[in-house]
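Undergrad: Could you have a look at this structure, given as structure tokens, before my questions?
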Amino acid sequence: MESEKPSTVNEPDVRYGYYSYADYLTWQMDEVVELIKGKVFKRAAAAPKRIHQRVSVKLASRLYVFLEGKKCQVYDAPFDVRFPKKSKEDRKIHDVVQPDICVICDPSKLDERGCIGAPDLIVEILSPGNNKVELQNKFELYEENGVKEYWVIHPEQQTFFIYTLIDSKYQPSHLLTSGDVVESVAVPGFVLDLEEFFGDIE
């Protein structure tokens, strides 16, 4: 049985510990807030480091140019991705995240509030605001909900990890860095030469 919560709140109260997308929509906060299995994850109010934003803008731009005229669409944060279980009702959705970048190839998953259902590709760019618990929970969330491909980028170390969904389980790549070439399975034909991509990022 769920704890009784206030009907309207300006921000989540960690004492209750289990929230829905309906609650999320009532919050007025400076921080980026995500829900994973009903639990609140807050990021710092301060903006990410410049290098984080440089990587994000550069990658999103390349995906946008590559996908122009195709049915797949790319979005960058802030952009809500909701993962419904048995119902798409706001009060029954307990997983809402804001990936740095995502690609959605099924237009029926898009509405005026973002994406409802699994994107084909999710990219998370690490920053000091990320924590290990959050990253582990997101890995499990994306795997359970069928996100075909999940990229984790460390901008300062200029490294990539790619998790590809095979038989409902993520298979990790080796650690990818300068000299490696990324080829997306979820976005066929999209190729990223990491030496060239990171060449002017510092």
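Undergrad: Give region 187-200 a look and list any residue that's over 26 Å from residue 70 (Cβ atoms) and not in a helix (DSSP H, G or I), or say none.
TA: 199, 200
Undergrad: What number of residues in region 169-186 are of a type in the set (Gly, Ala, Ser), in contact with a helix residue (DSSP H, G or I) (Cβ under 7 Å, 6 or more places away or on another chain) and either part of a strand (DSSP E or B) or modelled with pLDDT of 95 or more (or both)? Full working, then the answer.
TA: Applying the first criterion (of a type in the set (Gly, Ala, Ser)) to region 169-186 yields 173, 178-179, 184, 186.
Next cut, in contact with a helix residue (DSSP H, G or I) (Cβ under 7 Å, 6 or more places away or on another chain) only: 178-179.
Going one step further and asking which of them are either part of a strand (DSSP E or B) or modelled with pLDDT of 95 or more (or both), we end up with none.
Here the count works out to 0.
Undergrad: Between residues in region 30-42 that are over 14 Å from residue 127 (Cβ atoms) and residues that are among the small types (Gly, Ala, Ser) and not in a strand (DSSP E or B), which pairs lie under 9 Å by C-beta distance while being six or more apart or on different chains?
TA: Here the result reads 30/45; 35/20; 38/17; 38/20; 39/17; 40/17, each pair linking region 30-42 to a residue that is among the small types (Gly, Ala, Ser) and not in a strand (DSSP E or B).
Undergrad: Kindly check whether there is at least one residue in region 47-61 that is crowded, with 19+ Cβ neighbours inside 10 Å, within 17 Å of the chain's Cα centre (by Cα) and of a type in the set (Ser, Thr, Tyr).
TA: Checked region 47-61: at least one residue is crowded, with 19+ Cβ neighbours inside 10 Å, within 17 Å of the chain's Cα centre (by Cα) and of a type in the set (Ser, Thr, Tyr).
Undergrad: How many of the residues making up region 181-202 are within 17 Å of residue 164 (Cα to Cα) and either out of contact with any Cys (no Cβ under 7 Å at 6 or more places or on another chain) or among the aromatic types (Phe, Trp, Tyr) (or both)? If you could, list the steps in order and put the result at the bottom.
TA: Of all residues in region 181-202, those within 17 Å of residue 164 (Cα to Cα) come to 181-192.
Keeping just the survivors that are either out of contact with any Cys (no Cβ under 7 Å at 6 or more places or on another chain) or among the aromatic types (Phe, Trp, Tyr) (or both) gives 181-186, 188-192.
Residues meeting the conditions: 11.
Undergrad: Give all pairs with beta carbons closer than 7 Å in which a residue from region 147-164 that is surrounded by fewer than 20 Cβ atoms within 10 Å (Cβ to Cβ) meets a residue that is of a type in the set (Ser, Thr, Tyr); count only pairs at least 6 apart in sequence or on separate chains.
TA: Cβ pairs passing all conditions: 158/177; 158/178; 159/177; 161/173; 164/170.
The values are calculated or read from the model by the stated rules, or taken from the named source; none is laboratory data. Computed from a prediction, not measured in an experiment: that's the story for all the values here. Cβ coordinates were reconstructed from backbone atoms using ideal geometry, including for glycine residues, and neighbour counts include every protein chain displayed.
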